[in-house]
């Protein structure tokens, strides 16, 4: 994996994620807000990679479509796990928003946390801290990817 330099600018961008995620242990709100934050970074990445970003209207695309576009614009294999993590976050958010079955939500939550903790960080005993860390990690990776794209 490429060594990433944490500049002051990148640190401030990552801090934006902390500002918007709730401090209280509310997993559902954290997932929804985290999903919105990740979506904003996906749009930013796509726009940075396009030759004519003004012609791109992100409001015409669903999150899953934005993810496919962003992933197809990235030719760095080192980010493959990032795309998988984002897909799992989207599945989790969809289960939260569109299904009443708690077991399917729990299954998606464990799927994301299990995948992410096995690759990026040591898990905590506290499930809220795990999902919070996971979202910040995804967001931070997107910040680095965008910075690397723009030089």
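Points worth noting:
- Residues of segment 1-60 that turn out to be outside any helix (DSSP H, G or I), within 21 Å of residue 110 (Cα to Cα) and either modelled with pLDDT of 95 or more or touching a helix residue (DSSP H, G or I) at 6+ places or on another chain (Cβ under 7 Å) (or both), as a count: 3
- The residues of segment 1-35 that are closer than 22 Å to residue 150 by Cβ and surrounded by 13 or more Cβ atoms within 10 Å (Cβ to Cβ), listed by number, are 4, 10, 13, 14, 16, 17.
- Residue count for segment 75-100 satisfying the condition of being over 24 Å from residue 27 (Cα atoms) and either at pLDDT 95 or above or under 14 Å from the mean Cα position of the chain (by Cα) (or both): 2.
- Criterion violated by residue 75 - all others in (1) in a helix (DSSP H, G or I); (2) without any contact (Cβ under 8 Å) to a residue 40 or more places away in the chain satisfied: (1)
- Test: residue 142 is at pLDDT 85 or above and either in contact with a helix residue (DSSP H, G or I) (Cβ under 9 Å, 6 or more places away or on another chain) or in a helix (DSSP H, G or I) (or both): yes
- Single condition residue 68 does not satisfy, out of (1) in contact (Cβ under 8 Å) with a residue 24 or more places away in the chain; (2) closer than 22 Å to residue 113 by Cα; (3) within 17 Å of the chain's Cα centre (by Cα): (1)
- Any hit, segment 118-126, residues being within 23 Å of residue 18 (Cβ to Cβ), in contact with a helix residue (DSSP H, G or I) (Cβ under 9 Å, 6 or more places away or on another chain) and assigned to a helix (DSSP H, G or I): yes
- Meets criteria (in contact (Cβ under 8 Å) with a residue 60 or more places away in the chain and closer than 26 Å to residue 11 by Cβ) for residue 145: yes
The values are calculated or read from the model by the stated rules, or taken from the named source; none is laboratory data. This one's a predicted model, so the numbers in the text were calculated from it and none came from an experiment. No Cβ is skipped: glycine too gets one built from the backbone with ideal geometry, and neighbour counts run over all protein chains shown.
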